[in-house]
Amino acid sequence: MAVSVNLKAYFDRIGFAGSIAPTVATLENLQALHPASIPFENIDPLIGANVLLDQSSLERKLLADRRGGYCLEHNLLFMRVLEDLDYVVRPLLARVLWPDPEAASTEKTHLLLHVEVNGQSYIADVGFGGLTLTAPLRLRADVEQQTPHETFRLRNGEANWTLEAQIGEDWRPVYAFTLDEVNDAEIAAVNHEMSNNRSQRMTQELRVSLSPGGRRIKLHNTTLTVQPVEGDAEKRETTTMESLRAALTGEFGIQLPNDERLEPALAALLPAPAEPPEA
């Protein structure tokens, strides 16, 4: 028998207070608050730690320990919250096209959610890093849908769907997905690949993001970017261990794990020290 999610801990973590009726308005509220409060981060895959997807592990890491996670962790926790709130919800798998569709893998490595509300279908996704959806999207083709951050649209329709984001004047593909049923074994296989394959980006690069109102905050390795919804991005480099750790704890509110593998993994991202001048 499934164990209920600790909804109070979840609501406290994201700062939610309001109606919990399974309506579109509640879904919109939750999806705006979640990525504004719980960071996307891949510290565990980066340092070689196991990524656990059982409910108690997700609650401990993302709620009690003040950590974040990658797509599987975010969206599986979100799915279980929605289930407890009586939404009809199930997972979907997607093939990532961002940032370069020409170089994209043929494997499905991203997890999102299909949610039904009053007979209408939506997609919800609180775990796609710096382009995480901050509002649910109606599952309708070729309709521009504004979120608190970017404008998105879904293309093709029927069996195959592609999510696109409007970046400036251009529409850029984000990921492609189908509505096929996904089982626990498929999710476990994706999780094993993403967290153990040392050629995957999740195990090689540091990627952290939050999406509070009006801006996105992103860290890619040592480059910290603050991207307002309107205006130009501000970038700065975190070139020392002190500044990198300060960004993780200060900008993103991450309680860093007490793990001996963390320091060397972060150190490997920093620029090499300058050569001393020749005598």
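The values are calculated or read from the model by the stated rules, or taken from the named source; none is laboratory data. Note that the structure is a prediction, hence the values are computed from the model and not measured. Heads up, the Cβs are rebuilt from the backbone with ideal geometry, glycines too, and the neighbour counts pull from every protein chain shown.
With the requirement that a residue be among the hydroxyl-bearing types (Ser, Thr, Tyr) and free of Cβ contacts under 8 Å to residues at least 12 places away in the same chain, what does segment 15-31 give you? Residue satisfying the conditions is 19 alone. The residue that is farthest from residue 108 (Cα to Cα), counting only those in segment 198-213 that are exposed (fewer than 13 other Cβ atoms within 10 Å of the Cβ) and not basic (Lys, Arg), is 213.
Just the residues that are closer than 28 Å to residue 212 by Cβ and touching a Leu at 6+ places or on another chain (Cβ under 9 Å), please, taken from segment 168-194. Across segment 168-194, the qualifying residues are 172, 173, 174, 175, 177, 191, 194.
Which members of segment 1-21 meet the condition of being out of contact with any helix residue (DSSP H, G or I) (no Cβ under 7 Å at 6 or more places or on another chain), farther than 24 Å from residue 149 by Cβ and either in a loop (DSSP other than H, G, I, E, B) or among the aromatic types (Phe, Trp, Tyr) (or both)? 1, 2, 21, listed by residue number. Go through segment 222-242 and report how many residues are out of contact with any strand residue (DSSP E or B) (no Cβ under 8 Å at 6 or more places or on another chain) and closer than 22 Å to residue 264 by Cα. Within segment 222-242, residues that are out of contact with any strand residue (DSSP E or B) (no Cβ under 8 Å at 6 or more places or on another chain) and closer than 22 Å to residue 264 by Cα number 4.
Condition first: part of a helix (DSSP H, G or I) and of a type outside the set (Val, Ile, Thr). Can you find one or more residues in segment 225-240 that meet it? Looking for residues that are part of a helix (DSSP H, G or I) and of a type outside the set (Val, Ile, Thr), one finds none in segment 225-240, hence no.
Among the conditions (1) assigned to a loop (DSSP other than H, G, I, E, B); (2) closer than 21 Å to residue 111 by Cα; (3) touching a helix residue (DSSP H, G or I) at 6+ places or on another chain (Cβ under 8 Å), the only one that residue 256 does not satisfy is (2).
Within segment 145-197, being surrounded by 14 or more Cβ atoms within 10 Å (Cβ to Cβ), assigned to a strand (DSSP E or B), among the polar types (S, T, N, Q) and in contact (Cβ under 8 Å) with a residue 12 or more places away in the chain holds for 162, 166, 178. Hey, residue 91 hits all of (1) assigned to a loop (DSSP other than H, G, I, E, B); (2) at pLDDT 95 or above; (3) farther than 25 Å from residue 255 by Cα but one; which does it fall short on? Against the list (1) assigned to a loop (DSSP other than H, G, I, E, B); (2) at pLDDT 95 or above; (3) farther than 25 Å from residue 255 by Cα, residue 91 comes up short only on (1). Among the numbered conditions (1) in contact (Cβ under 8 Å) with a residue 24 or more places away in the chain; (2) within 17 Å of residue 177 (Cβ to Cβ), the only one that residue 42 does not meet is (2). Restricting the first member to segment 3-14 and to residues that are modelled with pLDDT of 95 or more, and the second to residues that are of a type in the set (Phe, Trp, Tyr), the beta-carbon pairs closer than 8 Å and six or more apart or on different chains are 10/16.
Every listed requirement among (1) polar (S, T, N, Q); (2) touching a helix residue (DSSP H, G or I) at 6+ places or on another chain (Cβ under 8 Å); (3) at pLDDT 95 or above is met by residue 196 save one, (3). For segment 139-183, a tally of residues being within 15 Å of residue 93 (Cα to Cα) and of a type in the set (S, T, N, Q) returns 4.
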